[in-house]
Amino acid sequence: MSNSFKAAAVQAAPEFMNIDAGVDKAIALIEQAAAQGAAIIAFPECWLPGYPWWLWLSCTAHNMKYFQAYHENCVEIGDRHCERLTRAAKDNQIMISMGFSERDHGSLYIAQMLIGNDGEILQARRKLKPTHMERTVFGEGDGSDLAVIDCDIARVGQLCCWEHLQPLSKYAMYGMHEQLHIASWPSFSCYPDAYALGAELNNALSQVYAAEGQCYVLAPCGVVSEAMIDLLVENEEQAALISAGGGAAQIFGPDGRPLCSPLAHNEEGMLIADIDISAIAIAKSFADPVGHYSRPDVTRLVLNRQAMTPVAESLAECTLNEEETVLIEESD
């Protein structure tokens, strides 16, 4: 494992509900990050094919007009869009954390894919609990979606958006000894009067995650483009609920400090920071929440990481007991 490398966090608008153009843009950013020496690049939540902001602007019945087009532009694990991303990772020798909306037959999930620099998919996880209006579109993940992957550069974990507001999920990740965490965010330009949805609080969640877990945190963030506003906003009431911009990408060190100068909220680009894994030891020496700074005799977490499927096949053999065998022999 190399101790030092560069990491990139994307701040950019998606090619909204256009999966082919979105993958084109992703590959351009991947190539740009690799050319600047980054070993990993992280993308925002649901960046392919874009976060469905329409679900926050109108009632569910009204929003059904967007659903079919959105569904058709989502990504299936192993499809041609996945293949393009895995090939880009291999061609550019860079790891990718991609935030995407996953299509699994008739259902959608908020998902993150971790791709190794050899083009192999190392993890495809789903958000455990979609937030508020997201539950009108997306299903839930399960305990198998909480995982930390042992990679060449670091032990890497991923969570989306308000999963960083769930203390037990965070503690489960800390218990797997993350070194590099990807905290993916969709944008902070919706519901301007809701402080809890704004950049200040949510960047604080990423920052606290770094300090609590003593790990580096890449916090990529989406941007709402003017083209998205033109598509989504139909009246003055909706115009008051969302605006263009909302980007607030950042990278945090294991002591919680920001490592980059932020971009303007409506600016597209990426942040790149130097990551030194050996610095984690210093942060851990002060407070390791699952080590010397824990009290398992007082509080402990029970984690069920079993994958749960709605259908479980059973191929149990049918056997006869001795009494049934005797009856069959007598009848013969």
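Throughout, read-outs are computed from the coordinates displayed, never taken from laboratory work. None of the values given here were measured: they were computed from a predicted structure. FYI the Cβ positions are ideal-geometry reconstructions off the backbone, even for glycines, and counts take in every protein chain you see.
For the stretch 188-263, what log10 I(q)/I(0) values come out of the Debye formula at q = 0.16, 0.19, 0.20, 0.24 1/Å, with one point per alpha carbon and no solvent?
-0.63, -0.78, -0.83, -1.01
Scanning the chain for GluC sites (Glu not before Pro) in DSSP loops with at most 10 other Cβ atoms within 10 Å, what's the longest stretch left with none?
My reading of the result: 1-312 is the longest stretch.
Select from Cys260, Gly116, Pro192 the residue farthest towards the positive end of the dipole of the stretch 4-328; place +1 on Cβ of Lys and Arg, -1 on Cβ of Asp and Glu, and compute about the Cα centre.
Cys260
Evaluate the Debye formula for the stretch 78-137 with equal point scatterers sitting on the alpha carbons, no solvent, and hand back log10 of I(q)/I(0) at q = 0.15, 0.21, 0.24 Å⁻¹, in q order, two decimals.
Treating every Cα as an identical point scatterer, log10 I(q)/I(0) equals -0.48, -0.79, -0.93.
How much length is gained if the chain between Glu267 and Ser107 is pulled fully straight, taking 0.36 nm per residue apart and subtracting their Cα-Cα distance, in nm to one decimal?
54.3 nm
How big is the stretch 32-75 by the Kirkwood estimate over distinct Cα pairs, in Å?
12.7 Å
Calculated from DSSP H runs of 4 or more alone, at -39500 (n - 2.57) each and per residue, what is the 222 nm mean residue ellipticity of the chain, nearest 500?
-8500 deg cm²/dmol
Only bridges with both residues in the chain count here: give the DSSP antiparallel percent, nearest 5.
60 percent
What FRET efficiency would be calculated for the residue pair Glu226, Cys59, taking the C-beta separation as r and a Förster radius of 22 Å, to the nearest 0.05? Walk me through the intermediate numbers first.
Details: r = 25 Å, r/R0 = 1.13.
With R0 = 22 Å, the Cβ-Cβ based efficiency is 0.30.
With a Förster radius of 41 Å, plug the Cβ-Cβ distance of Asp274 and Arg80 into 1/(1 + (r/R0)^6) and report the FRET value to the nearest 0.05.
0.70
How long, wide and thick is the chain, going by the Cα atoms along their three principal axes, in whole angstroms, largest first?
88, 54, 44
Taking each pair of distinct Cα atoms in the stretch 10-91 once, what is the resulting Kirkwood hydrodynamic radius in Å?
13.8 Å
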